[in-house]
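This report refers to the structure that appears directly beneath it.
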Amino acid sequence: MATSVECCSTQLIDGDGSFNVTGIEKLIKEVKLNECGLSYAVVSIMGPQSSGKSTLLNHLFHTNFREMDAFKGRSQTTKGIWMAKCNGIEPCTVVMDLEGTDGRERGEDDTAFEKQSALFALAVSDIVLINMWCHDIGREQAANKPLLKTVFQVMMRLFSPRKTTLMFVIRDKTRTPLENLEPVLREDIQKIWDSVPKPEAHKETPLSEFFHVEVVALSSYEEKEELFKEQVANLRQRFFHSIAPGGLAGDRRGVVPASGFSFSAQEIWKVIKENKDLDLPAHKVMVATVRCEEIANEKFNSFTECESWCQLEEASRSDLVSGFGKKLNSLLHTSLTKYDSEATFFDEGVRSLKRKQLEEKLLQLAQPAHQAILGHLRSGTLEKFKEAFEKALNGGEKFSVAARNCTESYMALFDEGYQDAFVELANWDSSKVREKLRRDIDAHVASVQAAKLAELTSSYEVRVKEALYGPVESLFDGANNETWLSIRNLLRCETESAVRGLSSALSGFDLDENARGKMITGLEDYAKGVIETKAREEAGRVVVRMKDRFSNLFAYDADSMPRVWTGKEDIRFITKTARVECLKLLSVMAAIRLDDTADNIEKILFTALLDPSSSAAAIKSNKAGDPLASSTWDQIPPSKTMITPVQCKTLWRQFMTETEYSEANRRSNNWLPPPWAIVALLILGFNEFMTVLRNPLYLGLIFVGYLVIKAAWVQLDIPGQFRYGILAGILSISTKLIPTIMNILRKLSEPAPVAATGANNPPRHLTAATKALENGSIRSSTASSGNKTEYSGHNKEQ
């Protein structure tokens, strides 16, 4: 595979039919054929062996093909097919020198390579020079006849032949004018064309459909060298701009772009070698497919390695990129433009298909970056919306107005940001991202609204609770027949006030009537719940309240002044009055009465508990059961019942048991005996009285005993121990009596402090007794204060 660098010539196909891929690639690179697009031409020459083909080419195109040395005899010079660049010819033209036909080296029967090389030349060349001797024109068995038959026969194997220029070069022209030779030659050519078997589709196709025939004549190179050179120089001028309209190959068809010439030639020779019919249109599509795909892959790889794209992709991963859409669009447009520039001369259908595929690959590569930008845009817009929304609410703007204004503003901001990220070449749909942002904004508004409404509801619930709790407790403290009426009025007043405030606050929210009504109803129900909760709480302490009321009615008169017990009071009447009031308290606390429905709870309680005899008679006469032997009240639903009838009976029994001591204590407060008893005591005890007067020691013992008993009385708090019943008082005193007496005796036995004896110093035993009494009084006072404090605190809790 010899190569001449000076004239850029190389052996394209050797004598054995092997294609020189390396040689043609090197040649194309050296002559820069890839940059020519469609502006190039291919010339080839065929003819009998030793007919001067290489000599003609060297003089015509300034090449340096090997020529035959006449002094060494006539033999084969060119083997296979050689290719070289035509020097000084514009546009770029390459010429192929084919192995001569009818050579003795291949033999008479070995015409396969001749046909293959002829078909190859017709398939790739725009101009085919047919070198022939002048003296063969007009002869039936001339050497040019087999050559022409070969050309026309192989031409039929092209499904859609190119429009090829056949230039017959008549060598060693005689005196016969060309005007006389050309008609004869054309007639011979037409006869050969007519005699060649043709496919059915081309039975009537004229020769001019496939070939443009030119005839030129040259003088003998050996005999008239100067004239030969002059004629060749004139012929050379016809090859300048040969592909322009009116040029030698001005009407050529199916040209392969220069960048695909090498691949096309390789594939054509491969098909020819396999002895297959050469489908030039399909071959053209195949070449276009391969080359366009190669160009597309090259542009895709260039795009992925582009520094601008890498920087843009890297930046898009972390944050928004200003002008992202324009930058990406520019990069994509540049890549596609370069593809169009290099693939512009290939088959339009293939070129468009591969361009579309390249565009899809580029967009598929770039779409994640675009999606990342939209993600940053969405999240950034959402954060800005949250800040602006919170600021608007903190500034006192109504919730619905702030939500609407901020939503419209920041959705518009997203649209503006999307325009900055919009890629014109891509048909990407951003509606899903926009819808996601809108859903996120709506969800945030809904969550903030729920929080605000919960906070608003909670604040009004606190107000309602504060407004109801204290007054309700006070009303239950002074429970009477008007208590529940007062509670209902209080509930209505406070509820209406709270509902007005809540309705006014809700006007700033975009709520439907159903939601608004639910919230107002919820607040009203909460207010009722506060009343019911407080009522049940107070019902749990009803016995304590009854005892407190009973004690107060005993301790104070109708004018709320402390009673002075003289012994003339009607204890029975006071007791009954106190119990009536306590029973009224029990009836008030028995059920919740917020619906203003009349009931007979008080009547049942008064009949069954205050007048047991009449109740028993009524039960006996009516043969009815105990009205309190039930777990429900008539006309009162269980949900509104706080103390059942049977519980009322139990609580009343407990109350009666624990208040019996108070009544008995008040009855026994007038402990002085009658006057006659006092007179009898003085008469009968006169001797003992005189004995005590005569002996002061007895008087001292009596005084000490009085102090001891008084100290024990105070320390044990005897009246207080019996406050909650006789049995409880006895048990409590029995546990404290011995320790208390031992403590008093210990105090009495302690030695007095050393001091000067004088009139101002009392006797030691009196001092000790006095200290014991004082200690007892102090402890009693402290205990009483403590009990009082505890009691007061208890009442406050209630």
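The values are calculated or read from the model by the stated rules, or taken from the named source; none is laboratory data. All values derive from a computational prediction rather than experimental measurement. Here Cβ is always computed from backbone atoms with ideal geometry, including for glycine, and neighbour counts include all displayed protein chains. These accessible areas exclude ligands, DNA and RNA; they are computed on the full protein's heavy atoms, side chains included. Shrake-Rupley method; radii C 1.70, N 1.55, O 1.52, S 1.80 Å.
Between residue 422 and residue 87, take the C-beta separation as r, use R0 = 56 Å, and let me know the FRET efficiency to the nearest 0.05. The value I calculate is 0.55. For the stretch 487-582, trypsin sites (Lys or Arg not before Pro) meeting the loop criterion (DSSP other than H, G, I, E, B) and having at most 14 other Cβ atoms within 10 Å: 563, 568. In loop segments of the stretch 202-246 as defined by DSSP, the chymotrypsin sites (Phe, Trp or Tyr not before Pro) with at most 16 further C-beta atoms inside 10 Å of their C-beta are 240. Per-residue extension of 0.36 nm, minus the Cα-Cα distance of residue 654 and residue 209, leaves a gain of 147.0 nm for this segment. Grab the beta carbon distance between residue 646 and residue 679, set R0 = 45 Å, and tell me the FRET efficiency rounded to 0.05. Given R0 = 45 Å and the Cβ-Cβ separation, E is 0.20.
Within the stretch 174-236, the GluC sites (Glu not before Pro) that combine a DSSP coil assignment with at most 13 other C-beta atoms in a 10 angstrom radius are 204, 222, 223.
Ranking of 697, 437 by solvent-accessible surface, largest first: 697, 437 (1.4 Å probe, protein heavy atoms only, all chains present).
Here residue 631 and residue 443 are evaluated by their C-beta separation; at R0 = 51 Å the FRET efficiency comes out at 0.50.
Overall, the ratio between the Cα radius of gyration of the stretch 463-592 and 2.2 N^0.38 Å, rounded to two decimals, is 1.46. On a per residue basis, the stretch 9-276 carries 44 Å² of accessible surface, using protein heavy atoms and a 1.4 Å probe. Modelled label positions at residue 709 and residue 469, each set 7 Å beyond Cα in the direction of Cβ, lie 5.2 nm from each other. Potential lengthening of the chain between residue 413 and residue 66 amounts to 117.2 nm, from the contour at 0.36 nm per residue minus the alpha-carbon distance. Using a probe radius of 1.4 angstrom, the carbon and sulfur fraction of the accessible surface of the stretch 421-564 is 51%.
Electrostatic tally near residue 228: other residues with Cβ closer than 11 Å to its Cβ, Lys and Arg +1, Asp and Glu -1, net -2.
Solvent-accessible area per residue in the stretch 456-536 equals 50 Å², computed with a 1.4 angstrom probe and all protein chains kept.
Each Lys or Arg adds one and each Asp or Glu subtracts one; over the other residues with Cβ under 10 Å from the Cβ of residue 93, this totals -1.
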